[in-house]
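As structure tokens, the structure follows; a few thoughts come after it.
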Amino acid sequence: MPDRLVAPSILSADFARLGAHVDEVIAAGATLIHVDVMDGHFVPPITLGPVIVESLRRHVGPDIDLDVHLMIERPERSVAAFASAGATGITIHAEATPHVLYALDAIREAGCRAGLAVCPATPLGIFEDVAVDQALCMTVNPGWGGQPFIPSSPDKIRRLRALIGPDVPLMVDGGVGVKTAPQCTEAGADWLVAGNAVFGADDPGAAYREVAAAAGVA
Ligand code: DX5
Ligand code: ZN
């Protein structure tokens, strides 16, 4: 079974002091940092690109997992840039390209774990046809931090778990905090992305520990 993890999402961090903010959650035990990339097309906001991942990689050193969530159209065009910048996992959206299989292969060829994400309204059938190294079930509509967890998500998480089997890490993303984390883990999630619940708090290290405790992270 995959390790259970809470992955702080830097979307809610203070970008003017990103290194220090990330240090706080790493000191509290985080080993996987979730990096949200948005292009202003697939989702309305624009966030960050490979240069930030490169700086983060330099800052955190080689042992921290930088897991990049690409909310961008035609993600296959950007895989190489994020991989050379230091990503260890790259997740694309099923809705963002007609070439999902090609993109997943490109991610693996670049030396990263290949992840596939689906928006809340997207059927899960694609997971019957492609093998992934990690699966992401969006539990809010992608684009913004701080949104409420979609209540029907646990049912979808359960169905996704059944499709990918017990060994593939299942990540959930959106509205995850102390209250919703247990619902996600009970439904079969392994990796819980938490943005606002961690970096929206006055003390991100303490907030990370609270969410990790609620999620039963060892
Ligand atoms: C939303 C992003 C999330 C975001 C989650 O589109 O993919 O990773 O940071 O934020 P919270 O945890 O605040 O819902
Ligand atoms: Zn994300």
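Tabulated data for the structure shown
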quantity	calculated
Under 5 Å, built H, 5+ apart or other chain: amide partners of residue 138	118
Estimated FRET transfer efficiency when R0 is 30 angstrom, pair residue 124-residue 206 (beta carbons, to 0.05)	0.25
Whole-number percent relative contact order across the chain, with pairs defined as alpha carbons under 8 Å at least 6 apart	24 percent
Cut-off 13 Å, label 7 Å out along Cα→Cβ of residue 4, residues of the range 188-214 by amide N	188-192, 211-214
Mean shadow area of the range 5-215 over all directions, Cα convex hull, nm²	10.1 nm²
Full-extension gain in nm, residue 74 to residue 102, via 0.36 nm per residue minus C-alpha separation	9.0 nm
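Values in this text are rule-based calculations from the coordinates and carry no lab data. Fair warning: this is a prediction, and the values are worked out from it, not measured in the lab. Note that each Cβ is placed from the backbone with ideal geometry, even for glycine, and that neighbours are counted across all protein chains shown.
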